[in-house]
Each structure stands twice: as structure tokens, then as C-alpha cells.
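The values are calculated or read from the model by the stated rules, or taken from the named source; none is laboratory data. Because the structure is a prediction, the values reported are computed rather than measured. Here the Cβ positions follow ideal geometry from the backbone for every residue, glycine too, while neighbour counts run over all protein chains shown. Heavy atoms of the whole protein, side chains included, go into the accessibility calculation; ligands, DNA and RNA do not. Shrake-Rupley method; radii C 1.70, N 1.55, O 1.52, S 1.80 Å.
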Amino acid sequence: MKKYPVNFPNLVERMTLLIIIAFGEAITGMIPYFKITSLLTTFLIFSSVVSLFYFYKMYFDKIINVDNTNSTGTGLIYLHYLILIGIEGLIATIEFINEPHLNINNIFLVSFLYASLVAFYSGILLHYQYNKENLKFNRHCIVQHYIILLLGFFISLYFKDNHFLILFMVTIINIFAALNMWNFEKNK
């Protein structure tokens with residue numbers, strides 16, 4: 001099979017615009033929660049979504065080598081499916097967390113939330129083959145990220161009946177991931 005290179009910067013821009021639309025959907029999905037009674041919950045959800053967006057944007061603005069002339073971009077497209085699945089799963093989970101009248105198994109809720117986060121972060125971190133030469137991830141960086149997700153998952157499972165603590169844990173993890181990405185890019 002013959003490889004046909006694509007306009008890689010254009011493809012990255014198109015995929016980024018698709019993800020921006022998904023994040024916009026996440027923000028508009030939060031509108032019902034902007035109430036005085038749940039202001040702190042709304043702040044946690046908003047902070048979590050913003051930190052996920054920052055993680056994504058930092059990676060694709062600063063770390064990806066858009067001058068990649070040898071790539072067909074197929075990996076970029078398929079990995080963005082994972083990112084979209086992660087964002088949409090997060091939106092669905094947030095909607096279920098804040099609906100107390102729905103009878104949903106909390107173990108399923110926490111598992112689905114963290115599966116969405118794993119899909120999102122995996123979709124981004126697996127783009128390593130497109131990284132700039134001076135910004136290659138090492139195994140320690142990637143393993144550290146997944147260990148933190150796993151710890152957050154177990155802590156959230158322990159507090160599965162307290163949706164506020166679950167949101168707080170997810171927000172802390174996402175803010176840490178965004179700061180970790182910023183620190184990685186800044187120190188290279």
C-alpha cells in the first residue's frame with residue numbers, strides 16, 4: 001500500500017476544531033447546573049472541563065510537530081476518536097452525577113467517568129509519534145499519569161456515594177494533568 005502524505009498542519013487544525021466543538025458542547029451541557037444552590041459543583045465541573053481543554057490545547061499547540069511531511073495522518077484521525085469518546089463520556093457522566101432523581105449504580109458511574117478520562121488522555125498521549133524531537137515523552141511521564149488516574153479511580157470508588165467528592169477528585173486530577181503538561185513543555 002502506497003503512502004500519500006497529507007497537509008498535516010491542516011489536518012491537525014481540523015481535528016483541533018472538532019475537539020473545540022466537543023468542548024463547547026461540554027460547556028453548554030453544564031448550563032442547567034448554573035444555580036446558586038450548586039455553585040461549587042458548577043465551579044468544579046467547569047474547572048475540570050477547562051483543565052482538560054488546556055491539556056489538549058497545550059499538547060497540540062506546543063508539543064505536536066505540525067511540520068510532519070511524511071505522515072498520512074491516519075493515526076491522528078483515529079486517536080481523535082478516542083479523545084471525542086472521552087469528552088462525550090465525560091459529558092454524559094457529569095449529567096448523571098448531578099441528577100439525584102435518577103437511580104444509577106454509583107460504581108458504574110465512577111467506572112464510566114474514569115474510563116472516559118482514560119480514553120481522553122490515551123487519545124492524546126498516544127500521539128507521541130507526532131511529538132517534536134525535543135519534546136518526546138518518556139515512560140515515567142506516561143506511567144505517572146496513569147498511576148494518578150488509577151489512584152483517583154480507587155479514591156472515587158471509596159467515596160462512590162458522595163458525588164461532590166467524586167467531582168472534586170476528578171477536578172484535582174485534571175488540574176494536576178494540565179499543570180504537569182505545562183511544566184513538561186516549559187522545562188524542555
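Within segment 165-186, residues that are under 15 Å from Ile124 (Cβ atoms) have Cβ atoms under 9 Å from residues that are modelled with pLDDT under 90 and not in a helix (DSSP H, G or I) in these pairs: Phe184/Phe137, counting only partners at least 6 apart in sequence or on another chain.
Within segment 55-81, residues that are more than 12 Å from Lys132 (Cβ to Cβ) and at pLDDT 85 or above sit with their Cβ atoms under 8 Å from residues that are charged (D, E, K, R) and part of a helix (DSSP H, G or I), at 6+ positions apart or across chains, in these pairs: Met58/Glu185.
All conditions but one from (1) open to solvent by less than 90 Å² (accessible area, probe 1.4 Å); (2) farther than 16 Å from Ile124 by Cβ; (3) among the aliphatic types (A, V, I, L, M) apply to Leu39; the one that does not is (1).
Within segment 147-164, the residues that satisfy the criterion of being in contact (Cβ under 8 Å) with a residue 24 or more places away in the chain and of a type outside the set (Asp, Glu) are Ile148, Leu149, Gly152, Phe153, Ser156, Leu157, Lys160, His163, Phe164.
For segment 82-95, a residue qualifies if it is surrounded by fewer than 20 Cβ atoms within 10 Å (Cβ to Cβ) and either touching a Leu at 6+ places or on another chain (Cβ under 6 Å) or modelled with pLDDT of 90 or more (or both), and the qualifying residues are Leu82, Leu84, Ile85, Glu88, Gly89. Against the list (1) under 17 Å from Ile83 (Cα atoms); (2) buried (at least 16 other Cβ atoms within 10 Å of the Cβ); (3) modelled with pLDDT under 95; (4) not basic (Lys, Arg), the condition His163 fails is (1). Annotation: Tyr130 fulfils all but one of (1) modelled with pLDDT of 90 or more; (2) more than 15 Å from the chain's Cα centre (by Cα); (3) open to solvent by less than 60 Å² (accessible area, probe 1.4 Å); the unmet one is (1).
Of all residues in segment 1-26, those being open to solvent by 30 Å² or more (accessible area, probe 1.4 Å) and at pLDDT below 85 number 8. Of all residues in segment 116-132, none that is within 15 Å of Asn68 (Cβ to Cβ) has its Cβ atom under 9 Å from the Cβ atom of a residue that is at pLDDT 90 or above and part of a strand (DSSP E or B), 6 or more apart or on another chain.
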